[in-house]
Amino acid sequence: MSRVLVVGGGGREHALCWKLAHEAEVVCSPGNPGIEQVADCVPIPAEDGEALTALAVAREVDLVVIGPEAPLIDGLADQMRARGLRVFGPGENGARLEADKGWSKDTMRRAGVPTAAGMTFTESSAAIEWCRARFEEGKGVAVKATGPALGKGVVVAAELELAEATILDWMDSGGMGAAGEKLLLEERLLGREFSLLTLATERGIASLPVAQDYKRLTDGDTGPNTGGMGSFAPAAWVSEGLVLKTEERVVKPLLSELTRAGVPYRGMLFSGLMVVEGEPFCLEYNVRFGDPETQSVLRLMGAGFLDALIGTADGSRPERPDVLPGCSVTVVCAADGYPISPQKGQPITIGNMPEGAVAFHSGTKWDDGSLRVSGGRVVSVSATGPDLASARALAYAGVSEIQYSGKHFRTDIASSGN
Ligand code: AMP
Ligand code: GLY
C-alpha cells in the first residue's frame, strides 16, 4: 500500500486525509482530532521544514501533499524535493502567486489573463487618489493587502469612505501587519463567482468539478469576507463551455507564462473567478486546494485520486480522477467572533453524522481529554446526495449534531445553486 504524508491540520487537510485513506496509509502533520480518526498524526508545526522533511524520509512516504499556503511560500516543497521526495505543491517561486498579490497581478497581465484593472501602491495618499478617480467614474474598488492575510486581506468597497478608511488603517496604522504595507487596488467587478481547482504541471492540466464558495460571514452574502463559510459542487450554473473557456484563458496562459519565466509548477492551481457578462475574470490564484471547496469536491472524487496527485507531483500530464454522480454541500460552523477575534476554548460535542454526511475538523483540539474549539472555523459538515437539495438537507442535519457555545453558520449555503 502507498504511504502519504499530508502537511497541515485544518478542514482541507482532514478532507484530503479522509479521501487518501481510502487508497493509502496516511501520516499527517500536525493533524487534528478529526484527522486522527483516519491518519497517524505527528505533531510537527508547519514551520519546521527540517523536521517535516525528516519525518517524510523516515516514514519512506511515496508522496507528500502540502495543504496550506504558508509552508509552500516558505519553500517546503523545494526543501523536500532536494531530499528526493515526491511532492505535490509548487516551490517557493510558484507559491509567489499567492504570497504576493502584486506579482500575481503582473503575471496575469503578462499572460494576458482577463482580470480587473488595478494598480499597486506603497503610499496611502496616492492610493486614495486612485480610488477617488474610480468612484468619480461611478465604479467601486477592491482593496487588497498584497501579502498573505488568511483570507481577510480584501475589502470590496461600494463607497469611497470605506475604501479610504481601509487604506488608512492598513497602510498607515498597521491594521493588516506587514501584509498590508503594499496594497493592490482594483476596480470592482460585479458578477457571480466560482472556484476552479486544477491539477497542473508544465505538461498539462486536469480540472476537478467546479465549486462555489460562500465568502461572506452571514446569510445573503452580507458581513465581512472570511476564509469561506460553505461550498457546494458541482456548480451546475457553470457550463462545460465556461469551464473550457476558463481553462483556455485563465489557467493555461498562466502556466505557459510561468514555464516561460522558468517557474515549474506541480500541484494545485486554484483560480478564483468572477463571471461578468458571460466572461470569466480571474480574481486571484491560490497555490493550494481551497477551503472549504476541497471538502465538497473530494466527496465527489472516485477512484484515481491518489494516482492523479502522484502523476502531478511527477510532472506528468495530470489525469482527471473519476467523478461520482450527484452533488455535495459543505456547511462551515465557525466560532463566535470569527473572523475578527474568534472565541476559543469552549467544549464541543459532535453527535452522530447522518449517513452520507462527514464532519471535517478545522479548529478543534484535545484539552485534558475534552474536545475544545481552537480556531475560527471549527468543523464543517460535507454531505452528498443525488441532487443539491438532498445533499443540502443532509449537511444541515449534520450541523445540528454539533454543539458548542457561540456556534455560527450560514443557513443559505447551496440554497440557490443553479
Ligand atoms: P481574493 O482573495 O482576491 O479572491 O478576494 C476575495 C473576495 O473578494 C473574492 O472572492 C470576491 O468576492 C471579492 N473580490 C476580489 N476582487 C474583486 C474585484 N475586483 N471586484 C469585486 N469583488 C472582488
Ligand atoms: N475558500 C477560498 C480559499 O480557500 O482561499
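The values are calculated or read from the model by the stated rules, or taken from the named source; none is laboratory data. Treat the numbers as computed from the prediction; the structure is a model and nothing was measured. With ideal geometry, Cβ positions are generated from the backbone for all residues, glycine too; neighbour counts draw on all protein chains shown.
Points worth noting:
- Considering the range 236-262, and only residues there that are exposed (fewer than 11 other Cβ atoms within 10 Å of the Cβ) and part of a helix (DSSP H, G or I), the residue that is nearest to the chain's Cα centre (by Cα) turns out to be Glu240.
- Filter pass, Gly315 being of a type in the set (Gly, Ala, Ser) and either farther than 27 Å from Ser390 by Cα or within 16 Å of ligand 1 (Cβ to nearest atom) (or both): yes
- Selection from the range 121-141 of residues that are free of Cβ contacts under 8 Å to residues at least 60 places away in the same chain and in a strand (DSSP E or B): Val141
- Pairs, first closer than 18 Å to Ala335 by Cβ and of a type in the set (S, T, N, Q) in the range 213-229, second within 12 Å of ligand 1 (Cβ to nearest atom) and not in a loop (DSSP other than H, G, I, E, B), C-beta under 6 Å, six or more apart: Asn225/Val154
- The set of residues from the range 378-393 being surrounded by 24 or more Cβ atoms within 10 Å (Cβ to Cβ) and either in contact with an Asp or Glu (Cβ under 6 Å, 6 or more places away or on another chain) or among the aliphatic types (A, V, I, L, M) (or both) comprises Val378, Val379, Val381, Ala383, Ala391.
- Members of the range 301-337 that are part of a loop (DSSP other than H, G, I, E, B) and either touching a helix residue (DSSP H, G or I) at 6+ places or on another chain (Cβ under 6 Å) or surrounded by 21 or more Cβ atoms within 10 Å (Cβ to Cβ) (or both): Pro318, Glu319, Pro321, Ala335
- Residue within the range 308-316 that is out of contact with any Lys or Arg (no Cβ under 9 Å at 6 or more places or on another chain) and charged (D, E, K, R) present: no
- Within the range 208-233, the residues that satisfy the criterion of being more than 16 Å from ligand 2 (Cβ to nearest atom) and not β-branched (Val, Ile, Thr) are Asp219, Gly220.
- Residues within the range 338-353 that are under 19 Å from Arg12 (Cα atoms) and outside any loop (DSSP other than H, G, I, E, B), tallied: 1
- Of the residues making up the range 107-159, just one is closer than 30 Å to Gly376 by Cβ and acidic (Asp, Glu), namely Glu159.
- Tally of residues being at pLDDT below 95 and either within 16 Å of ligand 2 (Cβ to nearest atom) or β-branched (Val, Ile, Thr) (or both) across the range 152-183: 6
- Pairs where the first residue, in the range 1-19, is closer than 17 Å to Val358 by Cα and the second is among the aromatic types (Phe, Trp, Tyr) and at pLDDT below 95, C-beta under 9 Å, 6+ apart: none
- Cβ-Cβ under 6 Å pairs, at least 6 apart or on other chains, the range 199-212 side small (Gly, Ala, Ser), far side part of a strand (DSSP E or B): Ala200/Leu269; Ala206/Leu199; Ser207/Leu196; Ser207/Thr198; Ala211/Ser195; Ala211/Ser231; Ala211/Ala233
- Any hit, the range 283-291, residues being touching a Leu at 6+ places or on another chain (Cβ under 9 Å), within 16 Å of ligand 2 (Cβ to nearest atom) and over 18 Å from Ile66 (Cβ atoms): yes
- Qualifying residue in the range 158-179 (condition: part of a strand (DSSP E or B), within 12 Å of ligand 1 (Cβ to nearest atom) and farther than 15 Å from Asn286 by Cα): no
- Every listed requirement among (1) more than 16 Å from ligand 2 (Cβ to nearest atom); (2) closer than 29 Å to Pro90 by Cα is met by Ala145 save one, (1).
- Hey, Gly262 away from ligand 2 (no atom under 14 Å from the Cβ) and closer than 16 Å to Glu92 by Cα or not: yes
- Residue list for the range 262-282, restricted to those being over 15 Å from Val210 (Cβ atoms) and within 15 Å of ligand 1 (Cβ to nearest atom): Val276, Glu277, Glu279, Phe281
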